[in-house]
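None of the figures in this text is laboratory data; all of them are computed from the coordinates on show. Computed from a predicted structure; not experimentally measured.
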Amino acid sequence: MSTIDWGTRPDQVDALALKEVGGFAEVLEPFCNGPKTEIALINAVQLYCYEESKVMRAFPQMLKVLYNKDCVSDQAILYWHSKGAKTQGRQHFLSVTQPLVNFLREQEDSDEEDE
């Protein structure tokens, strides 16, 4: 994330941050091989977004990129949302990720119905 030009217009910062996360996802994916590492990654992104408020809005999209690139599982996101979130900015991050969590729960429910 150090390559992001923080002087960029605010509407472009989110897109640049997502591009960076997508680039690092390929490197991170092999190391995200269990629930603990996946939760640790989500918490690291949460803390980074909390400390760099310019990218705070992009947190749900970053989480979605990490999910789509198989760095974090749906179970890790659901656990993080229910019990694993760090205290720094917890309420903000939980509320902005609620649509993603709802989607993952619906997917989980539909998978159970298919069985």
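Annotations for the structure displayed:
- Phi-derived couplings, Karplus 6.51 cos²θ - 1.76 cosθ + 1.60 at θ = phi - 60°, listed residue by residue for region 33-50: 10, x, x, 5, 6, 5, 5, 4, 5, 4, 5, 5, 5, 4, 5, 4, 5, 5 Hz, with x used for Gly and Pro.
- ³J(HN,Hα), Karplus 6.51/-1.76/1.60, whole Hz, each residue of region 105-110, x for Gly, Pro: 5, 4, 4, 5, 5, 5
- Short-range pairs are left out: with C-alpha atoms under 8 Å and at least six residues apart, the relative contact order of the chain is 28 percent.
- Were the residues from Arg105 through Leu47 laid out at 0.36 nm apart, the gain over their Cα-Cα distance would be 18.4 nm.
- GNM top mover of Gln46, Gln88, Gln12 - the chain, alpha-carbon springs below 10 Å: Gln12
- Viscosity 1.567 mPa s, 4 °C: Kirkwood-radius Stokes-Einstein D of the chain over Cα pairs, µm²/s: 89
- Helical runs (DSSP H, four residues minimum) scored at -39500 (n - 2.57) apiece and divided by the length of the chain put the mean residue ellipticity at 222 nm at -21000 deg cm²/dmol.
- Pairs of Lys residues in the chain are counted when their Cα atoms are under 23 angstrom apart and they lie 8 or more places apart or on different chains; the count is 12.
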